[in-house]
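Heads up: the structure comes next, in structure tokens.
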Amino acid sequence: MSTFQVLLVTGTHGNEINAPWFMDQVDQYPQLLNTKGVRVARVIGNPSARKLGKRYLKRDLNRSFCSSLLENSEVLDSEVLRARELLSLFGVEGSNPCQIVLDFHSTTSSMGSCLVVYGRRALDLAFASLLQARLGIPIYLHEGDESQTGFLVESWPCGLVVEIGPAPQGLLLSQIVQQSRLIMQACIDEIAKVKSGVAVYPEQLVVHRHLGSIDFPRDSSDQVACCVHPQLQGKDWQPLQTGAPLFLEPDGKIVRFDGNNNTVPLFINEAAYLEKNIAMSFANRELWPFIREWELAMAKLVCS
């Protein structure tokens, strides 16, 4: 019997309620998600935070999977304990091991649906390629940011984050629930195709490569001094030109973009990122050829 299994994680942030709500419905109505013969485990990432309607209790669970926290026995924060527990249950050496993890989130930004890939692991890029070809959604390649580490999906051989929005924190929206269901099903469908040897990979993929993030301009008391400019608000994925307005000060002064033309803004005014001193992130849109070694790596993993 194959030991291969997929882990679906929802509720990594306790105030992102749509995908966890759908998982609750699957408990009652299993026919809502057709596993196509693929072994699937499901878990709420941070049930304690979900119960309280908070993003987290002590620290961001989705930044708690770094070795400096996991391996430090003196760190006993609730989210670090939960990260260790998830790995002991579903990690590749856990009691119920999984090889692929899909971590479902919602965003307050006007991002639509997208895939987030951390680094350039062959398995992640192979899976993201299949899903982009199937669904036509963007791939955001997040790498090279030392201030943002310890993501859950990096602790499994293959892992993707799925972002769906816009959705206010703590608000249940039918369209976000349906997008979560659609993408979950597409993920399982494509894995089933890999298992059956009928997966069709694209010749190329479109990648938005992370360039960095910027904070809001702040005053002498370190308080936010500007709003996102109304011409930019809600314009995620739409390329900027040098001189485009970024922020609007109370006196009407405009802070303008001084970077390169066609830089793509993402996570514009994401509510959860204010505490991380991020007003928005920037990416470069790139066209990558599909590498056949990615396909071989995916087949080896899924058919193990």
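Read-outs throughout are calculated quantities, based only on the coordinates presented, and are distinct from any laboratory measurement. Because the structure is a prediction, the values reported are computed rather than measured. Every residue, glycine as well, gets a Cβ built from its backbone with ideal geometry; the counts of neighbours run over all protein chains shown.
General observations
- Contour excess over end-to-end distance, with Cα ends at Glu154 and Trp288 and 0.36 nm allotted per residue: 46.1 nm
- Residues considered: Asn15, Asn269, Asn72. Largest GNM mean-square fluctuation over the chain, using C-alpha springs under 10 Å, is found at Asn72.
- Cα gyration tensor, region 145-252 - rounded (a/c under 1.5), prolate or oblate: prolate
- Straight-distance crosslink candidates among lysines, where the alpha carbon sits under 29 Å from Lys51 and sequence neighbours closer than 8 are dropped: Lys276
- This model, with +1 at the C-beta of Lys and Arg and -1 at the C-beta of Asp and Glu, gives region 211-283 a dipole about its Cα centre of some 220 debye.
- DSSP-assigned coil residues among trypsin sites (Lys or Arg not before Pro) in region 167-273, each with at most 13 further Cβ atoms within 10 Å: Lys253
- Rounded Å value of the spacing that divides the Cα centres of region 233-304 and region 141-157: 16
- Considering all different alpha carbon pairs of region 211-283, the Kirkwood hydrodynamic radius works out to 12.3 Å.
- Value at 222 nm in deg cm²/dmol, rounded to 500, when DSSP H runs of n ≥ 4 in the chain each add -39,500 (n - 2.57): -8500 deg cm²/dmol
- Listed options for Cα extents along the principal axes in Å are (1) 67, 46, 38; (2) 72, 51, 33; (3) 59, 49, 36. The value calculated from this structure is the one marked (1).
- Reducing region 56-92 and region 3-42 to their Cα centroids gives an inter-centroid distance of 21 Å.
- Qualifying lysines (Cα of each under 28 Å from Cα of Lys300; at least 8 residues distant if same chain): Lys36, Lys193, Lys195
- Over the chain, relative contact order from alpha-carbon pairs under 8 Å, at least 6 apart, %: 20
- Under DSSP loop assignment and at most 13 Cβ neighbours within 10 Å, longest GluC sites (Glu not before Pro)-free interval of the chain: 204-304
- Taking all Cα pairs closer than 8 Å and separated by 6 or more residues, the relative contact order of region 28-172 comes to 29 percent.
- Gyration tensor (alpha-carbon) shape descriptor, region 144-190, a/c threshold 1.5: oblate
- The Cα atoms of region 13-93 give a gyration tensor whose axes a ≥ b ≥ c have a/c of 1.5 or more with a/b no greater than b/c, which makes the shape oblate.
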